[in-house]
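Worksheet: the structure to be examined is printed underneath.
Readers should treat all values here as calculations from the given coordinates under stated rules, not as data from a laboratory. Because the structure is predicted, anything quoted here is derived from the model rather than measured. Cβ placement follows ideal geometry from the backbone for every residue including glycine, while neighbour counts extend to all protein chains displayed.
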Amino acid sequence: MKIEKLSEDKKAGKLSLLIATEEVFANTIRRIILEDVPTLAVEDLEFKDNSSALYDEMVALRLGLIPIKTDLKSYNLPGKCKCAGAGCAQCQLQITLKANKKGYVFAEEAVSTDPKCTFVFPRMPVVKLLAKQKLDVTMTAVLGIGKDHIKWAPGWAYYYAEPVLKVGKVEDPEKVMEKCTDGVFTLKGKKLEVNEDKVKNSQLLELYADLDSGITLEFTDKIVFHLESWGALPCKEILAKSADILIEKIEEMESMI
Ligand SMILES: [Zn+2]
């Protein structure tokens, strides 16, 4: 199987690949990423104090959805841990968040028992406190999978067939340029030029093909695969883990036959 990297932005957690494969394989990897690649997320909370405007449940929901940097080598899924789900240092970590100052409480104020595994986005607001209001909460984060709750999904993955945009005799290039907001075309004199590096990321190709009969859209049998990490794991680790899980699933099936 041939894989070509189209673009990678490590800081934004985005990776685009061109894969010579069948759709069913791309979809299998996509579903494993969304449903089976584990990450850490807050699961249990103990509120010692919460006099903010938000109910405990709302603060809990917000904290549960903040991504946590995940170390897959050091943590086990609670169901697969030696402690048999009782809870130990290999399957959970504690995070405490204490605040009593007026203003926003940010994710960076939380303190984790594992300095490698902290909230990904420091400036993510949790709640806003008025004067004399307090928040004191202890959280337990565990590994989990997106199939059980979306908070454990590592990111978003999607794919489509590789598009090929052909430009012949365009009747009204200016009309096309008016609608072109993603840099696919440049107007040179009265002629449209295609910026090939923008084509594979464009969501507007069908619109362009509908606008003018001089523009045609075709698809190859290759797949453009996009992965956007929510920060818990780097894109490459998400892909590598999804491949490991696929192999595990196949071996499990083999042993059942
Ligand atoms: Zn354990």
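Under 13 Å from a label point set 7 Å out along the Cα-to-Cβ vector of Asp221, no amide N atom of segment 180-202 is found. Among the listed pairs Lys73/Lys147; Lys69/Lys134; Lys14/Lys166; Lys10/Lys222; Lys14/Lys101, a Cα-Cα separation exceeding 32 Å is found for Lys14/Lys101. The modelled label-to-label distance for the pair Thr181/Glu193, using points 7 Å beyond Cα in the direction of Cβ, is 2.5 nm. Taking the Cβ of Ala20 as the center, what net charge do the other residues with Cβ under 13 Å away carry, scoring Lys and Arg +1 and Asp and Glu -1? Every neighbour counted, the sum reads -3.
Among residues other than Lys2 with Cβ under 14 Å from its Cβ, the summed charge is -2 (Lys and Arg +1, Asp and Glu -1). With the simple spin-label model, which puts each label point 7 Å out from Cα in the Cβ direction, the Glu35 to Glu251 separation comes to 2.1 nm.
Of the chain, which part is the longest with no GluC sites (Glu not before Pro) in a loop (DSSP not H, G, I, E, B) and with at most 13 other C-beta atoms within 10 angstrom? Result for the longest clean stretch: 23-170. For segment 101-193, the alpha carbon convex hull comes to 234 Å³ per residue, rounded to a whole number. Dividing the Cα radius of gyration of segment 187-230 by its Kirkwood radius returns 1.04 for Rg/Rh. Helices in the chain, meaning DSSP H runs of at least 4 residues, each add -39500 (n - 2.57). Divided by all residues, the mean residue ellipticity at 222 nm is -7500 deg cm²/dmol. Expressed as a fraction of 2.2 N^0.38 Å, the C-alpha radius of gyration for the chain is 1.30. Among the chymotrypsin sites (Phe, Trp or Tyr not before Pro) in segment 1-82, those placed in a DSSP loop whose Cβ has at most 16 other Cβ atoms within 10 Å are Tyr55. Taking the convex hull of the alpha carbon positions in segment 162-257 and averaging its projected area over all directions gives 9.2 nm².
By the Cβ rule of 4.7 Å, the chain holds the following cysteines without a possible disulfide partner: Cys117, Cys180, Cys235.
Remark: Leu129, Leu54 ranked as Leu54, Leu129, counting other beta-carbon atoms within 10 Å and listing the fewest first.
Computed from point charges on the beta carbon alone (+1 for Lys and Arg, -1 for Asp and Glu), the dipole magnitude for the chain about its Cα centre is near 1100 Debye. A simple spin-label model places the labels of Asp136 and Thr113 1.9 nm from each other, with each point 7 Å out along Cα-to-Cβ. Here the calculated FRET efficiency for Tyr104 and Ser74, from their Cβ-Cβ distance with R0 = 30 Å, stands at 0.45, rounded to the nearest 0.05. Scaled against 2.2 N^0.38 Å for its residue count N, the alpha carbon radius of gyration of segment 40-149 is 1.08. Could you list the residues of segment 26-54 with an amide nitrogen less than 19 Å from a label point located 7 Å from the Cα of Val164 in the Cα-to-C-beta direction? Counting backbone N atoms under 19 Å from the label point, the list is empty. Applied to segment 178-186, the Karplus parametrisation 6.51 cos²θ - 1.76 cosθ + 1.60 on θ = phi - 60° returns per-residue 3J(HN,Hα) values of 4, 8, 7, 10, 10, x, 5, 10, 10 Hz, with x for Gly and Pro. Report the net charge of residues surrounding Thr140, where surrounding means a beta-carbon distance below 10 angstrom and charges are Lys +1, Arg +1, Asp -1, Glu -1. Spelling it out: positives minus negatives among the neighbours equals -3.
Cβ crowding within 10 Å ranks Ser255, Ser16 as Ser255, Ser16, fewest other Cβ atoms first.
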